[in-house]
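The values are calculated or read from the model by the stated rules, or taken from the named source; none is laboratory data. These numbers were taken from a predicted model, which means no experiment stands behind them. Cβ coordinates were reconstructed from backbone atoms using ideal geometry, including for glycine residues, and neighbour counts include every protein chain displayed.
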There are 2 protein chains.
Amino acid sequence: MFLHTKNFDEQKAKAMESLRKALAENKVDEDIVSLLEKINALENYFTTSSCSGRISVMEMPHFGDKVNSVWLGKWHREVSVEEVLEAIGRHRSGQLWFLVRSPILHVGARTMDDAVRLLNLAIGLGFKYSSIKSVSHKKLLVEIRSTERMDVPLGENGELWVSEEYIKRIVAIANSQVRRFKGKLKRLEEEIEKL
Amino acid sequence: MFLHTKNFDEQKAKAMESLRKALAENKVDEDIVSLLEKINALENYFTTSSCSGRISVMEMPHFGDKVNSVWLGKWHREVSVEEVLEAIGRHRSGQLWFLVRSPILHVGARTMDDAVRLLNLAIGLGFKYSSIKSVSHKKLLVEIRSTERMDVPLGENGELWVSEEYIKRIVAIANSQVRRFKGKLKRLEEEIEKL
């Protein structure tokens, strides 16, 4: 038996304090703030971390070494080809990747029933990679995540493997993914109060 | 309250029957069979579906239309550049993608304690995207999944956007991802009996 239901109110208070701090320091993706507020207004849920989804250009010193990875460009919105080319221009060493990541929200739930209700709502609204991320005495955490994603190798150690024409193509696809997941976030915000 | 613990033995019997059929029809990835057997030998778990991870070349008629997607090539192992080029050669229309997917296992657990024990073991062995995928009266399902993944657009409607040199590069990266996740599967098989 896990005690997260017993510890819910204490954990929610802590998470709300962290959120206030993060908001004051401008560390929360702007376009997701109103959704977080709606979730936190619900009695049986609270948010612990979130990203509204992003396109990025990343330099990775060695394959899989996320710790020492550097973002050369990161956007929580559609991008222009020029912005991406500018980020690529800052590449010097390691592996160069073009990435798209879906929005991701971690939400604490009071009971397993509450967790499953949120999980099923999210999946129904297109967040098909949603799951119960962890269960412990402290927290019962639902992860809300969607399927949009790109992982495209662009080059290595200063050498570019693809053409500018190719960058245009993948930026167009990435932007259509961004439109898709922003639409899902909007629907989630509309539906979340029904929980 | 969910009744999956009460229904566990019945659901496990059904799943074992399905697995026997799938094995007889050669529908299970060979290199994962011994791991499945070890999990199913445990009292409190059973497998419902699995993939040992794969590299593929896929044609998608419209963006996001998975239903009508066609695999031009699919391999549950490292591939040669020639095999990938041959698959690409069969491309005619729609969007053409080069994909890598991590192994994925769905495992029913008897109780939430059992589910969390398996989840934490899997995460500890590098299957960092593992989670509790669903909770219902019928089943409590753990998903074991790793981080390796590539989603690389290659072309559209018969037109190729990248060079043969680029294909060589991404095949090398994909093969190193395959080696990585096969190693994780091996460690999982070694550790699973400790559950």
Unmet requirement for B:S93, which otherwise passes all of (1) more than 19 Å from the chain's Cα centre (by Cα); (2) in contact (Cβ under 8 Å) with a residue 60 or more places away in the chain; (3) in a helix (DSSP H, G or I): (3)
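Yes/no matrix, rows are residues, columns are (1) over 30 Å from A:Y166 (Cα atoms); (2) within 14 Å of another protein chain (Cβ to nearest Cβ):
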site	(1), (2)
B:D9	yes, no
B:N26	yes, no
B:V33	yes, no
B:S69	no, yes
B:L72	no, no
B:H91	no, no
Cβ-Cβ under 6 Å, sequence separation 6+ or interchain: first residue in the range B:156-176 and within 16 Å of A:E165 (Cβ to Cβ), partner among the polar types (S, T, N, Q). Which pairs? B:E156/B:Q95; B:N157/B:S93
Before we move on, is A:A109 under 27 Å from B:K66 (Cβ atoms) and among the aliphatic types (A, V, I, L, M)? no
Selection count, the range B:161-176, where residues are at the interface with another protein chain (Cβ under 10 Å from one of its Cβ atoms) and farther than 18 Å from B:R101 by Cα: 6
Sole residue being in contact with a Gly (Cβ under 7 Å, 6 or more places away or on another chain) and closer than 23 Å to B:L154 by Cβ, chosen from A:R92, A:R101: A:R101
Please work out if A:L125 is more than 9 Å from every other protein chain (Cβ to nearest Cβ) and farther than 30 Å from B:I173 by Cα. yes
Anything in the range B:133-149 that is touching a helix residue (DSSP H, G or I) at 6+ places or on another chain (Cβ under 6 Å) and at the interface with chain A (Cβ under 8 Å from one of its Cβ atoms)? List them, or say none. B:V135
Say whether the condition of being in a loop (DSSP other than H, G, I, E, B) and of a type in the set (K, R) is met by at least one residue in the range A:180-195. no
Residue that is β-branched (V, I, T), in a helix (DSSP H, G or I) and within 19 Å of A:K38 (Cα to Cα), where the choices are A:I170, A:I123, A:I144, A:I88: A:I123
Give A:K38, A:K6 a once-over and let me know the one that is crowded, with 16+ Cβ neighbours inside 10 Å and out of contact with any Lys or Arg (no Cβ under 9 Å at 6 or more places or on another chain). A:K38
Among the residues of the range A:1-50, write down those that are at pLDDT below 95 and either in a strand (DSSP E or B) or in contact with a Pro (Cβ under 6 Å, 6 or more places away or on another chain) (or both). A:S49, A:S50
If B:R54 meets every condition in (1) over 30 Å from A:N175 (Cβ atoms); (2) in contact (Cβ under 8 Å) with a residue 12 or more places away in the chain; (3) among the charged types (D, E, K, R) apart from one, which number is that one? (1)
Please count how many residues of the range B:95-133 are under 23 Å from B:F181 (Cβ atoms), surrounded by fewer than 20 Cβ atoms within 10 Å (Cβ to Cβ) and among the polar types (S, T, N, Q). 1
